[in-house]
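Structure first, commentary second.
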Amino acid sequence: MNKVIETILDHRSIRKFEDKLLTDVQIKTIVQSAQAASTSSFVQAYSIIGVKDKQKKARLAELAGGQTYVAENGHFFVFCADLYRHQVIAETNDQDAGEVLESTEKFMVAVIDATLAAQNAVLAAESMGLGAVYIGGLRNQLNEVCDVLKTPARVLPLFGVAVGYPVHKPDQKQRLPIEHIYHEDEYEQDKAEYLAQLEQYDQAISTYYEKRTNGQRKDTWTGQMAGLLARPTRMYMKEFVENKGFNKR
């Protein structure tokens with residue numbers, strides 16, 4: 001076990017931060033760490049928007065569903081799939097790259113690149129004694145988010161990351177059993193074993209919530225997932241993504 005692995009395994013989402021801003025040096029280090037992540041074919045199809053303006057942060061918090069930690073943190077990063085620079089490169093070289101840039105493959109490349117960069121950024125922040133939480137709620141109202149951030153075509157905000165000095169360190173949520181995640185040689189399809197693993201995991205998560213809330217919550221992970229699957233959300237996304245110039249082909 002080394003310090004990197006210890007930091008990775010110690011991860012937890014932090015949703016309450018001290019009233020203390022990150023320094024420019026810290027921000028630059030986190031962004032440089034993000035840039036050190038792998039990128040498909042050296043495409044680097046992402047951008048990061050750092051939000052310092054208090055009014056913009058407050059508006060993003062509102063758009064994300066009233067999540068206060070979007071506004072109250074050390075720094076707020078928004079990770080975007082970005083093919084705008086590649087559009088500019090194509091135009092500069094008198095190329096019509098629409099078919100390539102609008103392909104599902106390039107959409108996946110941009111999303112994966114941005115996600116890899118974000119995980120590097122979070123790991124870097126945590127290694128510096130900071131905490132972080134991903135904010136998928138930005139996708140609730142992406143048209144408005146794009147207005148706030150003034151993103152051009154072929155730039156798609158994917159999620160935010162709030163970073164700062166943790167006020168407290170909550171207990172970790174246990175992840176699914178490794179046997180449920182990791183398959184060797186082929187996908188394990190023993191349904192009875194699959195369900196048994198889920199049942200065991202449900203018991204662990206229910207115990208976690210019961211302890212954390214002094215008995216006020218005892219819900220299971222599969223119960224949460226069943227509820228999530230019963231409620232269609234962000235069903236505008238396909239049209240929005242296409243309108244931003246992604247995933248048309």
- Message: I need a count of the residues in the stretch 61-98 that are in contact with a helix residue (DSSP H, G or I) (Cβ under 7 Å, 6 or more places away or on another chain) and part of a helix (DSSP H, G or I).
- Response: 6
- Note on the structure: Subset of the stretch 180-198, residues among the charged types (D, E, K, R) and surrounded by 12 or more Cβ atoms within 10 Å (Cβ to Cβ), comes to 188, 193
- Message: Quick test of your reading of the structure: residue 152 fulfils all but one of (1) in a loop (DSSP other than H, G, I, E, B); (2) farther than 30 Å from residue 89 by Cα; (3) assigned by TED's automatic domain parsing to the domain that holds residue 102. Name the failing condition by number.
- Response: (2)
- Would you mention how many residues in the stretch 222-249 are closer than 18 Å to residue 137 by Cα, surrounded by 12 or more Cβ atoms within 10 Å (Cβ to Cβ) and hydroxyl-bearing (Ser, Thr, Tyr)? 1
- How about the stretch 197-216: which of its residues are within 15 Å of residue 177 (Cβ to Cβ) and either in contact with a Pro (Cβ under 6 Å, 6 or more places away or on another chain) or not polar (S, T, N, Q) (or both)? 197, 198, 199, 201, 202, 204, 205, 208
- Message: Filter the stretch 162-193 down to the residues that are without any contact (Cβ under 8 Å) to a residue 60 or more places away in the chain, of a type in the set (Lys, Arg) and in a loop (DSSP other than H, G, I, E, B) and list them by number.
- Response: 175
- residue 94, sole failed condition from (1) on the phi > 0 side of the Ramachandran plot; (2) touching a Leu at 6+ places or on another chain (Cβ under 7 Å): (2)
- Item | Top-ranked residue in the stretch 217-232 [being outside any helix (DSSP H, G or I) and touching a helix residue (DSSP H, G or I) at 6+ places or on another chain (Cβ under 8 Å); ranked as nearest to residue 180 (Cα to Cα)] | 220
- Message: On the basis of being among the charged types (D, E, K, R), assigned by TED's automatic domain parsing to the domain that holds residue 106, at pLDDT 95 or above and over 21 Å from residue 117 (Cβ atoms), does residue 24 make the cut?
- Response: no
- Hey, among 58, 121, which residue is part of a helix (DSSP H, G or I), under 23 Å from residue 172 (Cβ atoms) and of a type in the set (A, V, I, L, M)? 121
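Each row is one residue, and each column tells you yes or no for (1) out of contact with any strand residue (DSSP E or B) (no Cβ under 7 Å at 6 or more places or on another chain); (2) more than 18 Å from residue 49 (Cβ to Cβ); (3) at pLDDT 95 or above.
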site	(1), (2), (3)
146	no, no, yes
165	no, yes, yes
169	yes, yes, no
172	yes, yes, no
217	yes, yes, no
230	yes, yes, yes
242	yes, yes, yes
- Kindly check whether there is at least one residue in the stretch 36-46 that is crowded, with 18+ Cβ neighbours inside 10 Å, part of a strand (DSSP E or B) and touching a residue at least 24 places away in the same chain (Cβ under 8 Å). yes
- Note on the structure: Checked 156, 198 against criteria (of a type in the set (A, V, I, L, M) and either within 22 Å of residue 234 (Cβ to Cβ) or out of contact with any helix residue (DSSP H, G or I) (no Cβ under 6 Å at 6 or more places or on another chain) (or both)); the one match is 156
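Check the stretch 160-176 and report whether any residue there is under 25 Å from residue 104 (Cβ atoms) and in the same structural domain as residue 101 (by TED's automatic domain parsing). Let's see the steps before the verdict.
Just the residues of the stretch 160-176 that are under 25 Å from residue 104 (Cβ atoms), to begin with: 160.
In the following step, the residues that additionally are in the same structural domain as residue 101 (by TED's automatic domain parsing) were identified as 160.
Yes, the stretch 160-176 contains at least one residue that is under 25 Å from residue 104 (Cβ atoms) and in the same structural domain as residue 101 (by TED's automatic domain parsing).
The values are calculated or read from the model by the stated rules, or taken from the named source; none is laboratory data. Please read these numbers as outputs of a predicted model, since none were measured by experiment. A quick note on method: Cβ atoms are made from the backbone with ideal geometry, for glycine too, and the neighbour counts reach across all protein chains shown.
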